[in-house]
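The values are calculated or read from the model by the stated rules, or taken from the named source; none is laboratory data. Quantities reported herein were computed from a predicted structural model and do not represent experimental measurements. No Cβ is skipped: glycine too gets one built from the backbone with ideal geometry, and neighbour counts run over all protein chains shown.
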Amino acid sequence: MIVRWRAGALLTLSAIFLFLSHHPAQAALKVCNRTSYVLYAAEGWTVGADNFTKGWTRLIPGSCATPVLGMLTAQSYYLYARSSQGHSGTARAWGGPVQLCARDTNFSLKTPAASPSCPSSDTYTMPFAPVDTHRMQDWTATLTESDAIATDDAARAAGLDRLLHDIGYKTGDAKQRNDALSKFRAKFKLTPKAGAAELFDALETEALKASAPAGYSICNDTAGEVWTALGFRDQKQTLAAGWWKIPAGACAHALTQPLTVDKVFVHAEGHNKPQLVTGAEKFCVTNITFQTSSGGDCKKRGLSEAGFATTNTKGRSGYTAHIGEKGLLPAPSQASMPK
């Protein structure tokens, strides 16, 4: 069986379509990437009273991986995937309504299903989608993006276009893509015989250098949309800006330039949670898109005042803040998600 997941910002079960397909005899859970993004997937399953999760499985466009080997005998299986941090623009995520534990770096976790929290301070819940295997011994989940990407070859071509664009090349048509690839191969000394895996590795490495290490990202690890605002203080000025609307399971790259401040302040609101992330630091805000500077009492200026939580960015050119169901999650380590 193939489960096709079509990318919104985050998919739910209502967007899943089932197709029949023949598979080899080996029993396993297989995940395929038919999108233009390099994806990182996490898998989960339930056995008895425990949930098991592991990640991250890297999937280049047009490829498949088998993260779960053996007969599929667990009570339930789950899947979550998100796009590489090397891609420019809004991050994309594929998932659903089931909250399971994960962490930024490679992980393998066992958590009691009845536990209200994850096992350690560097773990947090993410919105996984159930994968109904229909009691079959093997199953393939295919992550999809668009009807225009209907084959693995089309996914590879679209993926090359996206990564080349991410690092500054023009790829409007096949000729431009081939010219860009020739220049890239020459610059990084890749032979014409270098395969898709080697080429995607090199392209993603350069894209990560260009985007992931710098700036400030906010990841929404809740089951619903959140709206976030950022605040800044230095010797010259106090400034706040918002709102970034972030779908469940997705991330917003709010600042793209390397950080030069020791602290960034963050405020977040969700449905029925107006104080999802708050704190002692106060900034002036409005309930529409805004950028406010210092200059007296907020109310006298026709603005509202909101509390912001502090994130310590000293010594970092890039930082990712995670927002969970109970607010701002503990600061991530310097290590990032594996390439």
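If only residues of segment 106-157 that are in contact with a Pro (Cβ under 7 Å, 6 or more places away or on another chain) and at pLDDT 90 or above are counted, the one that is surrounded by the fewest Cβ atoms within 10 Å (Cβ to Cβ) is Thr111.
Here Phe52 meets the list (1) surrounded by 21 or more Cβ atoms within 10 Å (Cβ to Cβ); (2) at pLDDT 90 or above almost entirely, failing just condition (1). Just one of the listed residues (Thr222, Thr228) is within 17 Å of the chain's Cα centre (by Cα), assigned by TED's automatic domain parsing to the domain that holds Val264 and assigned to a strand (DSSP E or B), and it is Thr228. Set side by side, the residues His165, His253, His267 differ, and just one is farther than 29 Å from Gly296 by Cβ and assigned to a strand (DSSP E or B), which is His253.
Among the numbered conditions (1) modelled with pLDDT under 90; (2) polar (S, T, N, Q); (3) surrounded by fewer than 22 Cβ atoms within 10 Å (Cβ to Cβ), the only one that Gln85 does not meet is (3). Pairing each residue of segment 244-263 that is assigned by TED's automatic domain parsing to the domain that holds Thr125 and under 17 Å from Thr289 (Cβ atoms) with any residue that is hydrophobic (A, V, I, L, M, F, W, C) and crowded, with 16+ Cβ neighbours inside 10 Å, provided the two are 6+ apart or on different chains, yields no C-beta distance under 8 Å. Looking across segment 273-327, the residues that are in a strand (DSSP E or B), over 20 Å from Thr222 (Cα atoms) and aliphatic (A, V, I, L, M) come down to Val285, Ala306.
Cβ separations smaller than 9 Å between residues 6+ apart or across chains give the following pairs from segment 192-207 residues that are under 22 Å from Ser88 (Cβ atoms) to residues that are acidic (Asp, Glu) and assigned to a helix (DSSP H, G or I): Leu203/Asp166; Glu204/Asp166; Glu206/Asp166; Ala207/Asp166. Against the criterion of being buried (at least 21 other Cβ atoms within 10 Å of the Cβ), part of a helix (DSSP H, G or I), within 24 Å of the chain's Cα centre (by Cα) and outside the structural domain of Gln99 (by TED's automatic domain parsing), Phe200 qualifies.
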